[in-house]
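The values are calculated or read from the model by the stated rules, or taken from the named source; none is laboratory data. Fair warning: this is a prediction, and the values are worked out from it, not measured in the lab. Here Cβ is always computed from backbone atoms with ideal geometry, including for glycine, and neighbour counts include all displayed protein chains. Heavy atoms of the whole protein, side chains included, go into the accessibility calculation; ligands, DNA and RNA do not. Shrake-Rupley method; radii C 1.70, N 1.55, O 1.52, S 1.80 Å.
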Amino acid sequence: MNTFINFAPILPEFWIIILALLGVIVIGLMAYLKASGVLWRFFAVLLLILTLLNPSIIEEEREAIQDTAIIIIDESPSQKMGGRDLNSEKAYTHLKSELEKIKNQKIKTIRVGENKQLSEFSKNGTRLFGEILNGFPDIPRSQISGVFVITDGQITDVPKDFKNLELSAPIHTILTGDKTEIDRRISIINPPNYGIVGENVDISIKVEEFGAKSSEYVEVKVIQDGEDVATHLMEINEEETLSFKLNHGGKNVFEFAVEPIDNELTNINNKTAIAVNAVRDRLKVLLVSGEPYQGERAWRNILKSDPAVDLVHFTILRPPNKNDLTPNREMSLIAFPVRELFIDKIDEFDLIILDQYKRLNVLNSKYFNNIANFVENGGALLIVNGSDYSTSNSLYHTELSRILPAKPIQDLVYKQEFIPRISETGQKHPVTSNLFVNDKVGKWFRQVAVQKLRGYTVMTGVNEQPLLILDKVGDGRIAQLTSDQIWLWSRGYDGGGPQIELMRRMAHWLMKEPELEETDLRSILSDNKIKVEYRNIEDKIDDLKVIFPNGKEKIMQFNIHENGWHSLELPVTDMGFYKFKVGDLSSFEIIGDLTSKELSEVITTEEKMIDVANHLKSGIIWYTEKPDFKIYKNSSNRKFAGNSWLGLRKSNSYTVTGVKDIPLLPIALLLLLSIIFLLLAWRREGK
């Protein structure tokens, strides 16, 4: 209960003040003139003013409002390192039991991170003060007795200006880690995104140690596209730039790893990776046409229309064995630079196209052997067969026979209309999969009969005979088209067909672009899950090996899907480096950028909360050192923490449940007393 005097003026306060001033002036003047009865008149005016103020005694019945203590539990990924999550729950249990001992005290618990995706932590790190600012709008700030943050101290949104907190209660920090923690981390500094095929790319690496320095130097293991390529000795805490060659187009994956140190906090940042997308500066193509025909210009137009292609084109118009009595000085033809193209500069080309070329005296066995070696050593060859492929002048009767995927059937050429079809294998192969829209393409009229020796038949023609065969030879690749009628598509005959798209896909496959590989392994992060996809056009389903950030391995099986693709989804629970392997193929996902705020510094620290503690007179406790800390409630705001205790602010908030209004003196009595004092004053004057 609370009692106090309340005034309810009968007249407006302005008039009461005027009357009081007039009374004071009159009484003061009478006192100055030494008139009698001044004292009685003073009491009379005083009682009159008091009557006008109408005083009363108020008695309030009050009920105290419970104060609220806020507990914020950090459940970010870094809290799962070094047993911090266990310490966090132990600290929470102890803190809650201490708070429950205090009378008139409520508890509100907020867990930060339990419903957040890992990508949010990768981008923003651990953000806890947003909860303090916005996390409990239903609780008036005046009723908050204290905020307890259970964390490892790696908080990224600690304010610099504490005015926005609008909080007079303390914010205490309970640290879940240990002061003896150590950690080693490898990171890529300003990682490159792109490079040129065949050229070097520079990647800057840095190995850092936190907590304690174990040594001066450390070995860094380098893995390129799944194969160990080098080991570099690097100085701790010093940045070093390494140079690597981009061997192929598409993603070139570089992995870097260092051995963990004894008693290290976590191993997830001992490994990192980068995918550098390699593009070709220019695709250098040598197109050799055996003789002029309608399709020659179609091939030339396709290749010349691509600004990324450097085309060298020769057409054999006058082979050496041709009888022509025209004097050389009157000819505008140039001699075919055989030696320069097929000996001196053959390795400068990325792709050689032999279009309707037959065995002539222009190229001898030495040059054909060089072309075969070019393919076996990593080059690419496209053969477009005309009718001559089935004759004695066939390219199959040269040194190229050891790399050609199809053998001609002697003197058999189909000269009839047919519609090119995608084979069953071609429906799965990335070069021809979904190539035909609505399965509608124009007719062709000639195809060489062949016997497939090896490779994949992705398109068929007459009587399902091989029309397009793709094969890998040594380190190189070869594509063989057993018809010279593809130019009909470019002319739009009978509706035409996707000649440009087919050529583009063939060229990319020949150039070993990863997205067009028959076998491929890829991983995609989406909605806190990793989707792993595996393509094998032979429908050979191999098991997937998953290597988790903590180093543990697990064998998993794919689900079966159509068109050669198999997939599975893997829920993500930890940040770090996930690696996936199927045979010689590998892929990876880094969950949370390993150079991100959440993983860049994982050692438990009190540094980021010191300013908060000083400003709000709060405390910081290392739970591993003070597991039995106490909680007290202070009526004083001078200090809210000690060596092994944390304090709460007493808010003294209440609600009024009842009110009694008792007049101090009856108005009639006050008026009567005023009259009595005036009469006494007049009587005094009468004497």
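Here are the numbers:
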item	result
Tail weight of P(r) past 14 Å, computed on alpha-carbon pairs of the range 437-509, percent	64 percent
Gyration tensor (alpha-carbon) shape descriptor, the range 473-612, a/c threshold 1.5	prolate
Stretchable slack from residue 554 to residue 407, in nm (0.36 nm times residue separation minus alpha-carbon distance)	48.4 nm
Accessible area in the full protein assembly, largest first, 1.4 Å probe, for 422, 155	422, 155
Span from the the range 401-454 Cα centroid across to the the range 205-256 one, whole angstrom	47 Å
Viscosity 1.002 mPa s, temperature 20 °C, Stokes-Einstein D of the range 125-266 from Kirkwood C-alpha radius, µm²/s	111 µm²/s
Extension gain (nm, one decimal) between residue 376 and residue 166, 0.36 nm per residue minus Cα-Cα	68.2 nm
Label-point separation, residue 519 to residue 607 (7 Å along Cα→Cβ), nm	4.9 nm
Derived scalar couplings ³J(HN,Hα) [the range 446-461; Karplus, 6.51 cos²θ - 1.76 cosθ + 1.60; whole Hz; x for Gly, Pro]	8, 8, 7, 6, 9, 10, 6, 9, 6, x, 10, 8, 9, 9, 10, x
Ranked order, 101, 581 - accessible area, probe 1.4 Å, largest first	101, 581
Karplus-derived HN-Hα couplings along the range 267-275 (A = 6.51, B = -1.76, C = 1.60, θ = phi - 60°), whole Hz, x at Gly and Pro	9, 5, 9, 8, 9, 8, 8, 8, 10
Charge-dipole axis of the range 465-536 as Lys and Arg at +1 and Asp and Glu at -1 on Cβ define it, positive-most pick from 519, 490, 530	530
For the range 332-432, with +1 on Lys and Arg beta carbons and -1 on Asp and Glu, the positive-most of 386, 418, 369 along the dipole	418
Diffusion constant of the range 515-560 at 20 °C, which comes from Stokes-Einstein with the Kirkwood Cα-pair radius and 1.002 mPa s, µm²/s	178 µm²/s
Lysine pairs with alpha-carbon atoms under 24 Å apart, the range 135-274, spacing 8 or more or separate chains	12
Three principal axis lengths of the range 61-111 [C-alpha, angstrom, descending]	53, 18, 6
Calculated diffusion of the range 194-272, Stokes-Einstein form, Kirkwood radius summed over Cα pairs, 4 °C and 1.567 mPa s, µm²/s	94 µm²/s
Rounded accessible area of residue 396 (nearest 10 Å², 1.4 Å probe)	50 Å²
Estimated dipole of the range 257-297 in Debye, rounded to 20 [Cβ of Lys and Arg +1, of Asp and Glu -1, Cα centre]	360 debye
Förster-model FRET efficiency, 56 Å R0, residue 639 and residue 233, C-beta, rounded to 0.05	0.60
Solvent-free Debye scattering, log10 I(q)/I(0), computed from the Cα coordinates of the range 245-303 at q = 0.27, 0.31 Å⁻¹	-1.07, -1.22
Aspartates and glutamates whose Cα lies under 18 Å from that of residue 608, excluding same-chain neighbours fewer than 8 positions away	74, 75, 131, 152, 157, 161, 178, 181, 598
Solvent-accessible ranking of 157, 574, largest area first, probe 1.4 Å	574, 157
Listed pairs 529/581; 80/579; 443/512; 80/617 exceeding 27 Å between Cα atoms	443/512; 80/617
Accessible-area composition of the range 150-200, carbon plus sulfur, in percent [1.4 Å probe]	44 percent
Evaluated at q = 0.14, 0.15, 0.24, 0.26 Å⁻¹: base-10 log I(q)/I(0), Debye formula over Cα of the range 186-238	-0.47, -0.53, -1.07, -1.16
In order through the range 207-220: 3J(HN,Hα) via Karplus (6.51 cos²θ - 1.76 cosθ + 1.60), integer Hz, x for Gly, Pro	10, 10, 10, 10, x, 6, 9, 7, 7, 8, 10, 8, 8, 10
Cα centroid separation, the range 139-174 to the range 499-551 (Å)	49 Å
Rounded to the nearest 10 Å², the accessible area of residue 503 at probe 1.4 Å	10 Å²
Per residue Cα convex hull volume in Å³ - calculated over the range 340-404	76 Å³
Rg/Rh for the range 382-470, where both radii come from Cα atoms and Rh is the Kirkwood radius	0.98
